[in-house]
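Visitor: My questions will all concern the structure given below.
A short reminder: the numbers here are calculations on the coordinates, not readings from a lab. Given the structure is predicted, the values throughout are model-derived calculations rather than measurements. So basically every Cβ, Gly included, is an ideal-geometry build from the backbone, and we count neighbours across all protein chains shown.
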Amino acid sequence: MIGQQHITRTLKNSILSGNISHAYLFTGTRGTGKTTTAKIFARAINCLHPREDGSPCNECEVCKALSQPNSLDIIEMDAASNNGVEDIRDLREKVKFPPTSCKYKVYIIDEVHMLSTSAFNALLKTLEEPPAHAVFILATTEVHKIPATILSRCMRLDFNLLTTGELVGLLRKIFEDIQKPYQKEALQLIAEAGDGSVRDSLSIADICLSYCDGEIKYDDVLEVLGASSPTMIVELVGYLVRGDISKALMLSEKITSMGKSVSLLAKDIAKMLRNIVFAKNCVNANQILMLPNEIFARLVQYSDICTNDKLVRMVDIFMKLEGELRYTSSASVTLEMAIVKACDVTISIDTNGIIQRLKDVESRVRLLSTLEKKTEVSEQLQLDVSIVWGKLLNVLSRKTSMISAYKTACEVDPKTQLKYENNILTINAIKQSQESILNYYINDFKNIICAEYFDIVDIKVVYENNVDEVAQGVMQLNDMFGGDVVKIKNKEN
């Protein structure tokens with residue numbers, strides 16, 4: 001048996017002590033070894049010369065007889081196809097007869113949860129008063145469907161999913177026994193695809209053996225699994241981390257155009273983001289992940305520029321996407337919108353987006369507190385007026401349909417016409433047309449600046465026009481924000 005130490009120890013102690021229960025219930029996920037364990041246990045309790053640890057010797061007459069598929073003392077029954085009450089009644093009649101050559105007659109009922117209600121009731125009577133020579137082993141993947149009356153009369157043993165390391169060890173042993181060369185990253189990928197199931201891992205490994213002529217390579221396993229290229233996934237995740245929506249959308253379109261499944265792509269993205277979480281928080285991350293060195297090096301770089309909050313949020317988006325893709329009429333559009341949501345937290349209206357915006361506000365408040373305590377503000381903490389002006393122009397591009405007016409406003413050079421001193425942002429409007437545009441949108445400007453930069457307390461608009469020629473909107477601006485109208489004198493004056 002591979003793994004399941006808690007089960008092997010329990011069964012070994014039962015064999016060595018001779019305390020054999022009349023009914024066992026093996027439950028757990030598919031492919032974790034329930035039926036195989038039942039067969040080994042059936043031979044072990046009947047073995048004439050068991051080993052010191054309770055395992056069957058596989059050499060005595062009984063072990064050899066029980067290893068045959070036509071053994072009369074180990075009866076396997078598939079409850080999925082024999083789930084009627086008549087099948088259980090027939091079992092009840094046969095269980096009365098003693099074993100032919102063994103100490104115990106063992107009944108292995110697989111997928112026992114498929115029995116009908118009347119069949120369970122018929123089985124209950126046998127479990128209440130079983131013959132001394134009968135041992136029942138019930139196996140199921142859905143224990144919640146079994147009646148409580150049956151559960152109470154069985155020794156329940158829960159099979160866990162195997163760890164990736166245990167599956168890698170099993171695959172390594174198999175490939176070495178058959179002298180098949182392999183890359184360790186390929187074994188890791190097969191084990192991860194098996195998702196804790198021995199049967200699934202062995203099935204994938206069998207396909208890889210048929211697909212690969214020589215060495216079992218990492219890229220060949222990716223082809224077998226239909227997964228996307230890890231290099232492209234890492235590149236896509238890098239765009240997500242940096243918030244580059246344009247490049248992320250173009251790369252995702254390129255990957256899906258190659259015929260890759262959108263659902264698998266979403267799963268691959270989520271797994272790669274999860275790898276970044278390991279790279280960011282675990283010292284020996286690559287000993288756990290076992291990724292190619294060049295890929296892991298890039299993940300480490302991404303982990304340095306991304307917080308755990310952002311990573312968890314992005315993983316959550318793509319994990320939920322797997323479920324959403326089952327019901328959507330356009331999988332590619334759903335994926336693209338998830339990419340946009342992952343890149344830009346400000347557009348999200350869910351709880352995570354609101355919390356992230358509150359955290360941004362909190363960080364700015366802390367920055368203000370730091371600024372107030374410093375006598376001199378460092379270069380890194382000073383306001384970048386170019387960024388502010390870019391945000392103001394974004395408002396214009398969204399709110400105005402006058403392209404010419406928008407272009408006129410863009411003529412303001414942030415390096416020469418914008419100035420930030422003493423918590424005042426000064427905008428030097430050099431044209432009359434700019435004056436009217438700034439007046440019209442000044443409320444939006446003020447709201448954006450106050451929301452983004454708390455340390456700005458005022459906006460001052462400076463015009464080259466004569467004070468007497470300033471539009472009424474400028475005076476309203478002064479009344480609203482307490483700004484000053486400054487008259488600029490020409491050299492001639």
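Visitor: Using the Kirkwood radius over Cα pairs, work out the Stokes-Einstein diffusion coefficient for region 49-133 at 25 °C and 0.890 mPa s, in µm²/s as a whole number.
Guide: 172
Visitor: Compute and list, largest first, the equivalent-ellipsoid semi-axes of region 5-159 from the alpha carbon gyration tensor, each √(5λ) rounded to a whole angstrom.
Guide: Values for region 5-159, descending: 24, 18, 14 Å.
Visitor: For the pair Ile20 and Asp158, what calculated FRET efficiency results from E = 1/(1 + (r/R0)^6), where r is the Cβ-Cβ distance and R0 = 25 Å, to the nearest 0.05?
Guide: After rounding, the FRET efficiency stands at 0.80.
Visitor: Between Thr36 and Glu215, how many nm apart are label points set 7 Å from Cα along the C-beta direction?
Guide: 2.8
Visitor: Right, next: Pull up all non-local amide H partners of Asp244: gap of 5 or more, or a different chain, and H-to-H distance under 5 Å with H placed in the peptide plane.
Guide: none
Visitor: Give, as a single signed number, the net charge of other residues whose beta carbon lies under 12 Å from the beta carbon of Gly214, with Lys and Arg counted +1 and Asp and Glu -1.
Guide: Computed value for this residue: -1.
Visitor: Something else now. Please compute the net charge surrounding Asn58, taking Lys and Arg as +1 and Asp and Glu as -1 over other residues with Cβ under 9 Å from its Cβ. Mind showing how you got there, number by number?
Guide: Numbers: positive: Arg43, Lys64; negative: Glu59.
That works out to +1.
Visitor: Be a star and scan region 271-315 for residues whose amide nitrogen sits under 15 Å from the point 7 Å along the Cα-to-Cβ vector of Ser229.
Guide: 295
Visitor: Now a separate question. Taking the C-alpha atoms of region 61-110, how large are the radius of gyration and the largest Cα-Cα span, Dmax, in Å?
Guide: Taking only Cα atoms of region 61-110, I get Rg and Dmax of 11.8, 35 Å.
Visitor: Then there's this: Grab the eigenvalues of the alpha-carbon gyration tensor for region 164-225, scale each by 5, take roots, and send me the semi-axes largest first in whole angstrom.
Guide: Semi-axes (√(5λ), whole Å): 15, 13, 10.
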